[in-house]
């Protein structure tokens, strides 16, 4: 009977049976497209632009072969009537994860399923209340399978409308308290605007505290420059939110300009100058270089060249370039902290404690320790240093901190004078000597001096600044706006940043003005994306700049505390730069090698230029932490053209320039798919004009856009 069985028996398999390997959870991009990586290891790619879906997800199944070029999923073939009758009733398919937000289906009491959207926050808190969220995703943006045990720690927001729009685009419902065009009222806007600027305070005030003493300026000069920085930052932020990219991004002195400014300050022709004349002369040289570089950036933006330049700027280029900016100042950070370890180390530990260990603690619905980590750490350390100073810990008999070190005879005082100078908090007289009212005005330091070799260095740096801003535009738009900006809006923002740097050069803040990289982190932490809040905070900043005592108070921060805060800020800048890799396939060997080579050569090549021709026993009047910036006088490039030698030796000693050159060449010559490279996807102009939400996000106010309709490359 067994031989009459028509069905052949299956052959026995190996014993013991090999367990089937569990598939790796796909990341957000893989979920949408069905992509399976060919190399080992699941990639954590995520989307960087627009996302398209089939308009009817309830009646269609995901297509394993989507149309990647068109950006939309191909409609699957319609099922036969017999198959449709035999098939069970379809369940609603949730849309894919978008920027860390995953749509799920929750059953309701009436038996119907309702779409909800769950956003995972990497900071571990919602920011708006005591609810905590836990990131358990596998992908870079939190996309992937969720641990069932973490569902209690997630915030679930019910969407008021369908999650798929008529044209197939997925709506970006943000987790922010207030989004781009929200205007909750004057009092909330004022409070949130002030909070926004207070959380980013370190990026605004620390650069003047470094460059003014390096130029030989007094405490009074530092107070004047700080007030000018506050004024220019407020004015340029208002201009950018009205006529630039229109994103809620604070403008100010960027760390991108700090290294070239220090290189110009330590130029050989300025070594023989002393005192106040040295400060004013170098400031005028910096003003001239910044004005010329700003004019180049205006041309780059408003001519439409930036739209073409965007084709070679991708996350794999932005990440190592911005990371190199933070890493380049390692020789200044902790060596300055070491001049008074008990103050500097406590400052660093407090900021780490507030920003990491206490970041989930909410007070009245606000994560105060995470948002105000820098101001709180500074206030506590400053108060402790004041108590130590008043208690006489840093008093030494017969020693006076106001006497120059060269005039001190006693060995006892020479041994302790450095400790007295850096640990005491009463060595600065900036607060007492500052007036109550002072209006910053253009050309307050004199007529700018234009030097072509310094201007060329700043022109190259303005390109790096534009690369930094491109990354900030894209990341912030995914947080606060309905769509990423168009290439024309990006060009318009870069052009206005050039105009802002012209203002910075005329007023004289020592650096150019650009979008601060820390904006993205501040928006994510404060949950405040309202454009009106940033504009209100800019107005408050302008008013504070008119009070001279505010600048004097900031100028009184001891040097060791400034260095400790800079250690944290530069580390944050490095991490924010590398975070751009979340838009690419970070697990790809191609991207790993490109980023690794860019970072390594950004440290090694400048080190060769900085150490060339310097013997170990060379005595220099320049402090050790400024030694990397005197390369123009001893670099390896020697030709009969002195200006060319200065330009090349200075430029190739800048870490960010080397990182940018290596990354942009490799990323645009090594083969790789768009998904692997994480190419930035900007909104199409036609789509932006068709969608009212995008037009309201980026169109110019006061009908200004109508006057420039013919300039299509700088608008929607």
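Observations on the structure shown:
- Kirkwood Rh, Cα atoms: Rg over Rh of region 279-339: 1.15
- Extension gain, residue 624 back to residue 639 (0.36 nm per residue minus Cα-Cα distance, nm): 2.6 nm
- Working note: Debye formula, equal point scatterers on the alpha-carbon atoms of region 186-698, no solvent; log10 I(q)/I(0) at q = 0.07, 0.12 Å⁻¹ is -0.37, -1.15.
- Inter-label distance for residue 703 and residue 194, nm, one decimal - labels placed 7 Å from Cα along Cα-to-Cβ: 3.7
- Spin-label zone in region 532-547 - amide nitrogen under 17 Å from a point set 7 Å from the Cα of residue 439 along the C-beta vector: 542-547
- Residue-span extension gain [residue 686 to residue 356] - 0.36 nm each, minus C-alpha spacing: 114.4 nm
- Residues in region 322-352 that a label on residue 368 would reach, taking backbone N under 18 Å of a point 7 Å out along Cα→Cβ: 350-352
- Space enclosed by the convex hull of the alpha-carbon atoms of region 203-347, per residue, Å³: 159
- Residue 452-residue 391 FRET efficiency (beta carbon distance; Förster radius 60 Å; 0.05 resolution): 0.65
- The packing ranking, built from the mean of other Cβ atoms within 10 Å per residue, places the peptides 237-244, 260-267 in the order 260-267, 237-244, highest first.
- Annotation: extensible slack from residue 342 through residue 270 equals 22.4 nm (criterion: 0.36 nm per residue apart, minus Cα-Cα distance).
Computed from the coordinates by the stated procedures, all read-outs in this text should not be read as laboratory data. Note that the structure is a prediction, hence the values are computed from the model and not measured. Reconstructed Cβ throughout: ideal geometry from the backbone, glycine too, with neighbour counts over all protein chains shown.
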